[in-house]
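All remarks here apply to the structure that follows.
Rule-based calculations on the coordinates, nothing more; no lab input. All values derive from a computational prediction rather than experimental measurement. As a convention, Cβ positions derive from the backbone with ideal geometry for all residues, glycine included, and neighbour counts pool all protein chains shown.
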Amino acid sequence: MSVEAPQASRAPPWFRARRGGWRRVLKWGLVVVLAFEALLNLALNVGLVPTLLARATPRTQVDWHSGWWLWPGPVHLRGFFVRQRDARAAWRIDAEHVDADTSLFALLSRRVRAEGVRARGVSVRAERMPALEQSPARHPRAHPWDIELRDVTLEDLRELMLKPVRYVGPGQVKGSVRVVAGQRLTVTLESLRLSDGTLELEGRAVARVREVSHELALDAIRPEGEEKRRVEKFDGRLGVKMEVLDLAWLGALVSREHPDLLGEGAGQLDAEVFIRGGQLAAGSRVDASGAPLELRVGPARVRAPWSVHGEVTEDGDSGTRGVLRMRFAPVHVEGKAGRVLEVPEVSLTLNAKMHDPDTGTQVTHELHVARSRPVDLRVLNAWMGKTFRVESGHATLEASDSSAGQKTPRRLRLDLQTDLVEGRWAETLVLGKASVEVDARRLSLHGKSLGLDGSALHLNHVSADPPHTTIRGWSGRFDLPHARLTIDPAELEAHFSARFSNADPFVAMLTAEKKLPGFLSPLLEARDLSVAGQARMSDAGLQVRELHAKADGLELEGRMETARGTTHALIYAKVGVLSGAIEVKPGGTHVRLKHARRWYEERLSAPAR
């Protein structure tokens, strides 16, 4: 009985040697592949690629905490971030996990090619920065880094911040990016979708985002030898639907000194914006409205429902036309004593004509303040009733202004007009009309004070019967280059320059206790006086400092106070070659003709009583 030899043992020696060689090749090949994969993952985790990129693009930093790559499969990164510092801004993108199909061989030629980029747990932050010092334009590198990311998806968006605005909530982004270091930036944002998140401003919730959708195409190049990029393409669309919360956050933007300036006013916003060539395109629109917005200035409250409507339409072959209208109606002003003023409507309309970017945008405005309901001026008695008490009279407020067709903008003016007002200054009955012009462009808020620089007060048809004299048909205009109205407690301080039709107010002041001194008789004939000074009016009375008045051959200077029916005045007068001083105070009047100037200055330096 014979036993056959194994099949392998019967193979020729040359075959067995070849098979052993293949095994060694496979074994060593596997060792090489494993060594290559190990070296590749070692390079991935020691920061080799970020270091090379940082040397080529010092304003751009790319890094990650850890990663692994089973080549030729996708690369997996953890704790990834990219940070960019531009001339006037900085931005950063963080992601917890990033997966991408990447070309290894492209890296050898200073190129990054990645497809199917998936990033999860993403945060995006951007903020304005101080301008960097401009360096001389350099010639571009012969072989700059070329980074191209295609089919990018950002999932599980955690945060999107354009400082100081921040969105917190779910979102998703799809698109592609290509960057040629120092030469070109191309961004294609196929879609950005946000929903059911919160919009914050400086850490304060200002809106609940219901839906945001966005598409964008951007291509910017930097020509050789130039420092600034040139935008070749900038097209996009943005759709927004959100609930606007309490508008108190607007108060902090308007006045840091008075952050609680505004309150209430919650509402809705729905907008769709189209961009073509970096400009608003036809079809863009915005609609918003809300509950009454409250403006708080001391004890005063201004309340009004608000609405905004805007749209962009075609303007023939010349470009596009945009209109934005903000409307408040009705407007109620309330104080401690209740409702003070009601204005049916206040609206501001902005009109813009948009041509090509080189010609810029022409913007005009139209302000409309409907005539208010008549205001009973007796409400002023709570403020000035101890000095001047209104017994009857009404006023109305209105304004209208347009810059359309004007080479230089016209003054934006609010007008307050009264009918015949009857009141009492101490025991003297006074009749007259008044109008106030307020330069709305120069209105400003300082805590509980309202700046009224550039305002003017007109008094006309003034009649009164003070002691020892009579006033009939007097008129005067007061220009207030600097003025401030404090709301609580109520007080008006102003520098003024004025023009009086005659000197009747001075005659009435200087004859409060007895007849006018003889050397001041030219006051009775003076016409068209120029007057200047500083005034303060409050519940305590009226004070005038640094008073100066001039007419033909007549000069006056001094100070005066009047409160609760009493007058205290100190005046130095020069009439031709004559001069004298007079002091009027409760209980008597003192006239000084000898050394009048010295006596006047001594009295002037003494504290006012």
Check each of the trypsin sites (Lys or Arg not before Pro) in the stretch 453-525 and keep only those in coil by DSSP with at most 16 other C-beta atoms within 10 angstrom; list them in order.
-> Lys514, Lys515
Residues with amide H under 5 Å from that of Asn502, placed H, sequence gap 5 or more = Ser475, Asp528, Leu529
Can you work out ³J(HN,Hα) from phi for every residue in the stretch 542-549, in order, using Karplus 6.51 cos²θ - 1.76 cosθ + 1.60 and θ = phi - 60°, giving whole Hz and x for Gly and Pro?
-> 10, 10, 10, 10, 6, 6, 9, 9
In the neighbourhood of Arg204 defined by beta carbon distances under 11 Å, the net charge of the other residues (Lys, Arg +1; Asp, Glu -1) is -2
Which residues' amide hydrogens lie under 5 Å from the amide hydrogen of Leu341, considering only partners 5 or more residues apart or on another chain, with H built in the peptide plane?
-> Val333
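Which whole-number percent is the relative contact order of the chain (Cα, under 8 Å, 6+ apart)? Numbers along the way, then the final one.
Working: 1554 pairs, mean separation 28.1, N = 609.
With pairs under 8 Å counted, the relative contact order is 5 percent.
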Among the aspartates and glutamates, which have Cα under 19 Å from the Cα of Lys27 when same-chain residues fewer than 8 positions away are ignored?
-> Glu37
Counting other Cβ atoms within 10 Å, keep those with at most 12, restrict to DSSP loop, and tell me which GluC sites (Glu not before Pro) in the stretch 155-194 are left.
-> none
For every other residue with a beta carbon closer than 9 angstrom to the beta carbon of Arg285, add +1 if it is Lys or Arg and -1 if Asp or Glu, then tell me the sum.
-> -4
CD proxy, 222 nm, the chain: helix-only mean residue ellipticity via -39,500 (n - 2.57) per DSSP H run with n ≥ 4, per residue, nearest 500, stands at -3500 deg cm²/dmol
Once phi for every residue in the stretch 287-293 is put through the Karplus expression 6.51 cos²θ - 1.76 cosθ + 1.60 (θ = phi - 60°), the whole-Hz ³J(HN,Hα) values, with Gly and Pro written as x, are 9, 8, 7, x, 5, x, 8
Please list the non-local residues whose amide H lies under 5 Å from the amide H of Leu445, H modeled 1.01 Å from N, same-chain partners needing a gap of 5 or more.
-> Gly451
Surrounding net charge for Gly576, when Lys and Arg each add one and Asp and Glu each subtract one, Cβ distance under 11 Å = -1
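If you put +1 on each Lys and Arg Cβ and -1 on each Asp and Glu Cβ, how big is the dipole of the stretch 421-553 around its Cα centre, in Debye rounded to 20? Before the final figure, lay out the partial values.
Numbers: 15 positive and 17 negative charges, 28 e Å.
In total the dipole reaches around 140 debye.
If you place +1 on the Cβ of every Lys and Arg and -1 on the Cβ of every Asp and Glu, how big does the dipole about the Cα centre of the chain come out, in debye to the nearest 20? Walk me through the numbers on the way to the answer.
Values: 87 positive and 77 negative charges, 441 e Å.
The calculated dipole for the chain is roughly 2120 debye.
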For the stretch 511-579, listing GluC sites (Glu not before Pro) in a DSSP loop whose Cβ sees at most 13 other Cβ atoms within 10 Å gives Glu525
